[in-house]
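Shown next, in structure tokens, is the structure this report addresses.
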Amino acid sequence: MKSALQIARAAYQPKLPIALRGALKAVEGEPTQSVADQEEVQKLFPNTYGMPYLKFEPTDEAMANTQMNVGVILSGGQAPGGHNVISGLFDGIKKLNPKNKLYGFLLGPGGLVDHKYMELTAEIIDEYRNTGGFDIIGSGRTKLEKKAQFDKGLEILQALDIKALVIIGGDDSNTNACVLAEYYAQIGAGVQVIGCPKTIDGDLKNDAIEASFGFDTATKVYSEVIGNIMRDCNSAKKYWHFVKLMGRSASHVTLECALQTHPNITLIGEEVEAKNQTLDDVVTYIAEAVCDRANLGMNYGVVLVPEGLIEFIPAIKKLIAELNDMLAANQADFDLVSDDHKIDYVLAHLSDENAAIFRSLPLSVSRQLALERDPHGNVQVSLIETEQLLAEMVAKKLADWKKDGIFTGKFATQHHFFGYEGRCAAPSNWDADYCYSLGFNASMLIAAGKTGYMSSIKNTFKPVDEWVAGGIPITMMMNMEKRNGEMKPVIRKALVELGGKPYKYFVRHRTEWARNTDFVYPGPIQYFGPSEVCDRPTLTLTLEQE
Ligand code: FBP
């Protein structure tokens, strides 16, 4: 059974940039270079390095009737709009030739390696248009990196006569897409690979990729709920709410929610790192703001905490770097150690300086840092309860200050973590249009014979008629970074820029948001109604592109 909104929403026809509405031609721009480490990256990608930017433009000439089967993979964490990327891709390849087929590999990249797939027919696609979630084919975090995996994947791609594979993922998955594109080009496999920029975290972006899809919808959902909490907070006037927000590493989600809702305190991981702050500095900063408000008679407020905060605290960052190298070098030994002794093993193998920091952390945090990694080697920050940790540490500091007569107010807390709530929401109009365009555009990149490109739709802070469609070579976003103890080519993550307009806007206003109660209540995403309510992009995008 479907909800009334689902039924009405199924009829929404996402808008396409003008160039994608009829016959088009690919216009090549300047050749590109990787963002850093050009020599090393070029050596590793001899077939796909340096390719030019691409832009699609309308043409009067008829397009070739390209016959091709295409495969698609959803990779990594869910993000609103994934189903629209797939429906755009489906409509694009069917427009090129109605005989073309789309195959979905099941449960992420693992589906390619294990030959688990399904054909996506018009009937199936229609069920999922404009819906949230990745459940049409499922997602997974298997890392595609070994030659054996690529060869196994090629067997099924050739058996299904698939000309191109579209990988919808974040920075890690698109790094893998690029490695796969290079390998298939090198062995002359005849399979193209195209990436699509996904992640609610908003950290896969650059000049040609203005936003990763899902960020718009997820931040709108979180901002709605933060707004609701603010109203509750302002009604009861008795709690400090500590809200942790998803975004594994970069603080874009937290910054966008702060711009939308004006909380009293917002922590930005990138700033904590730049100022070389300790955990105690962060706690003192919050405690002082709580004291100031208490002096004004307000024993309540809202604090936003980015999920990745802990990794930005320089001392903890250094500790994680040493932990990563140490675990990579001793993985086999470490796996044999029983769970009860793992912490001791880690302590025995760390430098004295990092062992002291490790010991000073609450056990729940040190366990997460030492034990659990996702398949890409990332610390699983969503499992660390930073919001609770900070609330407890602030309470302790305020209790000490109370004894000294510095703090005279009350401090009662509530904690929240918003992450999974927003990742599968029905895409906003902006995400629905953007995702459909990304998918449709990917089909045109394939028809143009391209591989190792990421689908790019630009000018997205303007009305759709002004959006620009094209492609960007994935090698362009790469640099060399240490992963599991080795230097590897990876897409550089886009962190919050402290010189950027969104952050500067926030800094100009945060003191007044801390002292006054200036909450904004954005309310739920609207799919129908006036354009300024329904089609509004994020404030991050608006400020960045203004
Ligand atoms: P992607 O980078 O794959 O898009 O995932 C992002 C994310 O939602 C992070 O914000 C979060 O830390 C992580 O996924 C949670 O992972 P999981 O879904 O495996 O719990």
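The values are calculated or read from the model by the stated rules, or taken from the named source; none is laboratory data. Since this is a predicted model, take the numbers as computed values, not measurements. Backbone-built Cβ (ideal geometry, glycine too); neighbour counts: all protein chains shown. Calculation scope for accessible area: heavy atoms of the full protein, side chains included, ligands and nucleic acids excluded. Shrake-Rupley method; radii C 1.70, N 1.55, O 1.52, S 1.80 Å.
Here Leu180 passes the criteria (1) of a type outside the set (Val, Ile, Thr); (2) more than 16 Å from the ligand (Cβ to nearest atom); (3) at pLDDT below 95; (4) surrounded by 24 or more Cβ atoms within 10 Å (Cβ to Cβ) except the one numbered (3). Looking only at residues of the range 233-251 that are closer than 17 Å to Gly308 by Cα and open to solvent by 10 Å² or more (accessible area, probe 1.4 Å), we find that the one that is farthest from the ligand (Cβ to nearest atom) is Ser249. Within the range 140-167, restricting attention to residues that are in contact with a strand residue (DSSP E or B) (Cβ under 7 Å, 6 or more places away or on another chain) and among the charged types (D, E, K, R), the residue that is most open to solvent (accessible area, probe 1.4 Å) is Asp161. Residues that are away from the ligand (no atom under 13 Å from the Cβ) and of a type in the set (S, T, N, Q) were ranked within the range 252-268; the one that is farthest from Ala494 (Cα to Cα) is Asn264.
Mind listing just one residue for me: the one in the range 207-232 that is away from the ligand (no atom under 16 Å from the Cβ) and either in a loop (DSSP other than H, G, I, E, B) or among the aromatic types (Phe, Trp, Tyr) (or both) and, of those, nearest to the chain's Cα centre (by Cα)? Taking the candidates together, the pick is Glu210.
Scanning the range 102-139 for residues that are open to solvent by less than 50 Å² (accessible area, probe 1.4 Å) and of a type in the set (Lys, Arg) turns up just one, Arg129. Of everything listed in (1) open to solvent by 80 Å² or more (accessible area, probe 1.4 Å); (2) modelled with pLDDT of 95 or more; (3) under 25 Å from Val191 (Cβ atoms), the single unmet condition for Thr48 is (1).
When Asn330, Asn354 are checked against the criterion of being under 31 Å from the mean Cα position of the chain (by Cα), more than 18 Å from Leu389 (Cβ to Cβ) and buried (at least 17 other Cβ atoms within 10 Å of the Cβ), Asn354 stands alone in meeting it. If you go through the range 417-433 and pick out every residue that is hydroxyl-bearing (Ser, Thr, Tyr) and more than 13 Å from the ligand (Cβ to nearest atom), you end up with 1. Among the criteria (1) within 16 Å of the ligand (Cβ to nearest atom); (2) in contact with a helix residue (DSSP H, G or I) (Cβ under 6 Å, 6 or more places away or on another chain), the one Ser87 does not fulfil is (1).
One residue alone among Thr542, Thr511, Thr517 is more than 23 Å from the chain's Cα centre (by Cα), open to solvent by 40 Å² or more (accessible area, probe 1.4 Å) and touching a residue at least 60 places away in the same chain (Cβ under 8 Å), and that residue is Thr517. Can you give me the number of residues within the range 3-25 that are over 28 Å from the mean Cα position of the chain (by Cα) and either farther than 29 Å from Val464 by Cα or open to solvent by less than 50 Å² (accessible area, probe 1.4 Å) (or both)? So the count comes out to 4. Just one of the listed residues (Thr284, Thr278) is more than 16 Å from the ligand (Cβ to nearest atom), open to solvent by 10 Å² or more (accessible area, probe 1.4 Å) and touching a Lys or Arg at 6+ places or on another chain (Cβ under 8 Å), and it is Thr284. Met454 falls short on exactly one of the conditions (1) within 16 Å of the ligand (Cβ to nearest atom); (2) open to solvent by 50 Å² or more (accessible area, probe 1.4 Å); (3) in contact with a helix residue (DSSP H, G or I) (Cβ under 8 Å, 6 or more places away or on another chain), and that condition is (2).
Scan the range 410-418 and give yes if some residue there is open to solvent by less than 10 Å² (accessible area, probe 1.4 Å) and not acidic (Asp, Glu), otherwise no.
Filtering the range 410-418 for residues open to solvent by less than 10 Å² (accessible area, probe 1.4 Å) gives none.
Looking through the range 410-418, none of the residues is open to solvent by less than 10 Å² (accessible area, probe 1.4 Å) and not acidic (Asp, Glu).
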